[in-house]
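In what follows, a single structure is set out as structure tokens and then discussed.
Every number here is computed from the coordinates shown, using simple stated rules; none is lab data. Here the structure is a predicted model, which means the values were calculated and not measured. Note: ideal-geometry Cβ built from the backbone for every residue, glycine included; neighbour counts use all protein chains shown.
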Amino acid sequence: MPSLPLFSTIMISQADMLRMRRDVSQRAPEEACGLLSGQIEAGIYRVAAVIPATNELHSPVRYRIDPHEQIAAFNQIDAQGLELVGIYHSHPAGPAGPSPTDIAEAFYPQAVYLIWSASTGEWHCSASLIQDGQVIPVKFSVYKPE
């Protein structure tokens, strides 16, 4: 497995951030989940699309992306010449970062994990790489497309 840069940044549009925020808000109190496609180069994760998915567990404290939707999304990502750059889900009642379960079940070490939390009453998003049980913070660069 290639080593990860010490500092990584995820570049995402305001519209994609809003799309995720709406998704997690509308699906609360269940955890929402989805995938992010795009490109990864030298520690820069450029998001091209947000792909919401069904949480087949329909749980307020756990998520599992519907496997049929996951395969369809991976096929779509491949067909567009993109790659999986991130996975998002929500923690409607916290914590604000990865839970022990999130860390244990982080099966895509190359992907940024975005976690939306409403524990403070307002939705906020954190971003991390999770590799070999370690959580590495990722910076956000949110932009408005021209």
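Key figures
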{"item": "Verdict on residue 50 being within 19 Å of residue 13 (Cβ to Cβ) and of a type in the set (A, V, I, L, M)", "result": "yes"}
{"item": "Evaluation of residue 85 against (1) out of contact with any Asp or Glu (no Cβ under 7 Å at 6 or more places or on another chain); (2) surrounded by fewer than 17 Cβ atoms within 10 Å (Cβ to Cβ); (3) within 19 Å of residue 137 (Cα to Cα) (one fails), failing number", "result": "(2)"}
